[in-house]
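Novice: The structure's right below; bear with me while I get my questions together.
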Amino acid sequence: MDQGTATAYEIRFSEDSDLLRSNFSTAHLVTYNLPPKKAGSIEKLSFTLFSIIKNATTLFFAAKAEDKAFLKSETSNIIQVTKIVPKAPVPTDAPGGPGTSGGGVNITAIVISVTTVTMVACLIASVTMCSMKSRRVSHA
């Protein structure tokens, strides 16, 4: 819907994006409690899927809006979401783990931070010198 206010949304998901495009009503229905806002408004929706989703599973979501005359919109753009569960950290015998000193200070993070700050400072200096040089040339 491009204008007005929807009275309801129908949100569905599937592991097959083609199913959402070709046969929207057969995809899994998302249940939620969200009253629609005026067209063009930003809306946020949180919901819990009641089926178990395995790691690296990709789901596709789409929606349709319905107005007070029970007319439904076309299927929305399809969005893709992939569930990624980070691997559990590997336990180590060292007090702070790899890359840390005995006191728990992460040396790797410090080295990366110092390097990044140095690179940014060099970039700023280079840009400043180039702009100063181009000003001198244009005034000459």
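Novice: Can you name the residue in region 67-84 that is surrounded by 12 or more Cβ atoms within 10 Å (Cβ to Cβ) and part of a loop (DSSP other than H, G, I, E, B) and is also modelled with the lowest pLDDT among such residues?
Specialist: 83
Novice: Right, residue 87: at pLDDT below 90, surrounded by fewer than 14 Cβ atoms within 10 Å (Cβ to Cβ), of a type in the set (Lys, Arg) and in contact with a strand residue (DSSP E or B) (Cβ under 8 Å, 6 or more places away or on another chain) or not?
Specialist: No; evaluated as a whole, the condition is false for this residue.
Novice: Now for a different question. Among the numbered conditions (1) within 15 Å of residue 6 (Cβ to Cβ); (2) in contact (Cβ under 8 Å) with a residue 12 or more places away in the chain; (3) touching a Lys or Arg at 6+ places or on another chain (Cβ under 7 Å), tell me where residue 43 comes up short.
Specialist: Exception for residue 43: condition (2).
Novice: Would you confirm whether or not region 14-33 contains a residue that is farther than 30 Å from residue 107 by Cα, loosely packed, with under 12 Cβ neighbours inside 10 Å and either in contact with a Cys (Cβ under 8 Å, 6 or more places away or on another chain) or among the hydrophobic types (A, V, I, L, M, F, W, C) (or both)?
Specialist: There is at least one residue in region 14-33 that is farther than 30 Å from residue 107 by Cα, loosely packed, with under 12 Cβ neighbours inside 10 Å and either in contact with a Cys (Cβ under 8 Å, 6 or more places away or on another chain) or among the hydrophobic types (A, V, I, L, M, F, W, C) (or both).
Novice: Among the candidates 64, 87, 44, which residue alone is part of a strand (DSSP E or B) and basic (Lys, Arg)?
Specialist: After ruling out the rest, the residue left standing is 64.
Novice: Against the conditions (1) under 23 Å from the mean Cα position of the chain (by Cα); (2) in contact (Cβ under 8 Å) with a residue 40 or more places away in the chain, where does residue 76 fall short? Just the number, please.
Specialist: Failed condition: (2).
Novice: Additional query: Just give me the residues in region 6-23 being without any contact (Cβ under 8 Å) to a residue 60 or more places away in the chain, under 19 Å from residue 67 (Cβ atoms) and over 24 Å from the mean Cα position of the chain (by Cα), in sequence order.
Specialist: Within region 6-23, 8 is the sole residue that qualifies.
The values are calculated or read from the model by the stated rules, or taken from the named source; none is laboratory data. Treat the numbers as computed from the prediction; the structure is a model and nothing was measured. Using ideal geometry, Cβ is built from the backbone for each residue, glycine included, and neighbour counts are taken over all protein chains shown.
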